[in-house]
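Working notes for the structure below.
The values are calculated or read from the model by the stated rules, or taken from the named source; none is laboratory data. Fair warning: this is a prediction, and the values are worked out from it, not measured in the lab. Heads up, the Cβs are rebuilt from the backbone with ideal geometry, glycines too, and the neighbour counts pull from every protein chain shown.
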Amino acid sequence: MQGLTALLKMMASSARDLAPIIIVVGFFQLVVLQQPLPDVWGLAGGVLLVLLGLTLFMQGLELALFPLGESMAGAFANKGSLFWLLTFAFALGFGTTAAEPSLTAVAAEAARIAAEGNVVDNTEAARAEYAMLLRLTVAISVGIALLVGVVRILKGWPVQYLIISGYVTVVAMTFFAPESIIGIAYDAGGVTTSTITVPLVTALGVGLAHVIRGRNPMIDGFGLIAFASLTPMIFVMGFGMLWAAF
């Protein structure tokens, strides 16, 4: 009975989160466009599935991903091996980004548009190679971002200076990168901060800040997500420059 009550409370919380989206869509469909909702029962069933999925996803984060990330970060920090800690950070960033469904979708779409624009050969093999290289570039960039972020937490460097320097680099590279890659690069910075990457990366930063003496989880534990969205823009524009050159 208590488990059912807890599930209903979580679903109510998820419903509150979804309510603004439903209200906005309903308002524009019924008031602005003045058209009836297509397949009302199908939409209702879809919303119910989204509600249930969001509830289970959030519960899974609280029960598994957040505790796992924090415990592993703490274990590596207590082990006292900088090499393994940095290796874990890089592997976590690379692995979670490579597994992001949104990145896979964006890379495939980018390959298709690149083929239509004669940037790559319009063959299945060429498109697949372009998409894979793009995914690997983004995954490597996030791995390096987490590595730098972990070093920042260990050293206590202020996050704002690194972020400002990074975005200055992004703006500067925008003037030299091929126009065909700039939009993709900027989008790559967004798709890396999605359902898989964010929980584990956040848990890594907070977990490290908890166990390292002199670090404040609120001040030092956050900021890794900013690195994870910043470095792909730099690396993808660099990827575009190299692709255009060779």
Report task. Answer yes if at least one residue in region 149-158 is free of Cβ contacts under 8 Å to residues at least 12 places away in the same chain, over 21 Å from the mean Cα position of the chain (by Cα) and not in a helix (DSSP H, G or I), and no otherwise. Result -> yes
Requested in this report: Could you identify the single residue in MET237, MET218 that is part of a helix (DSSP H, G or I), out of contact with any Ser or Thr (no Cβ under 6 Å at 6 or more places or on another chain) and crowded, with 18+ Cβ neighbours inside 10 Å?
Outcome: MET237
Requested in this report: Examine region 148-157 for a residue that is within 19 Å of GLY240 (Cα to Cα) and modelled with pLDDT of 85 or more, and state whether such a residue exists.
Outcome: no
Query raised in the report: Is at least one residue of region 118-133 surrounded by 15 or more Cβ atoms within 10 Å (Cβ to Cβ), modelled with pLDDT of 90 or more and within 21 Å of GLY166 (Cβ to Cβ)?
Result: no
Requested in this report: Could you tell me whether region 88-95 includes any residue that is in contact with a Pro (Cβ under 8 Å, 6 or more places away or on another chain), within 30 Å of GLY214 (Cα to Cα) and not hydrophobic (A, V, I, L, M, F, W, C)?
Outcome: no
Requested in this report: Of the numbered conditions (1) within 18 Å of the chain's Cα centre (by Cα); (2) surrounded by fewer than 22 Cβ atoms within 10 Å (Cβ to Cβ); (3) in contact (Cβ under 8 Å) with a residue 40 or more places away in the chain, PRO178 fails exactly one; give the number of that condition.
Outcome: (1)
Requested in this report: For region 162-172, indicate whether the set of residues that are more than 16 Å from VAL148 (Cβ to Cβ) and either part of a helix (DSSP H, G or I) or touching a helix residue (DSSP H, G or I) at 6+ places or on another chain (Cβ under 7 Å) (or both) is non-empty.
Outcome: yes
Query raised in the report: Take the residues of region 189-198 that are in contact (Cβ under 8 Å) with a residue 60 or more places away in the chain and part of a loop (DSSP other than H, G, I, E, B): which is nearest to LEU242 (Cα to Cα)?
Result: THR192
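Residue-by-condition table, conditions (1) modelled with pLDDT under 85; (2) not in a loop (DSSP other than H, G, I, E, B):
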residue	(1), (2)
GLY143	no, yes
ALA177	no, no
ASP187	no, yes
VAL206	yes, yes
PHE227	no, yes
Query raised in the report: In region 227-235, is there at least one residue being within 19 Å of LEU85 (Cβ to Cβ) and not hydroxyl-bearing (Ser, Thr, Tyr)?
Result: yes
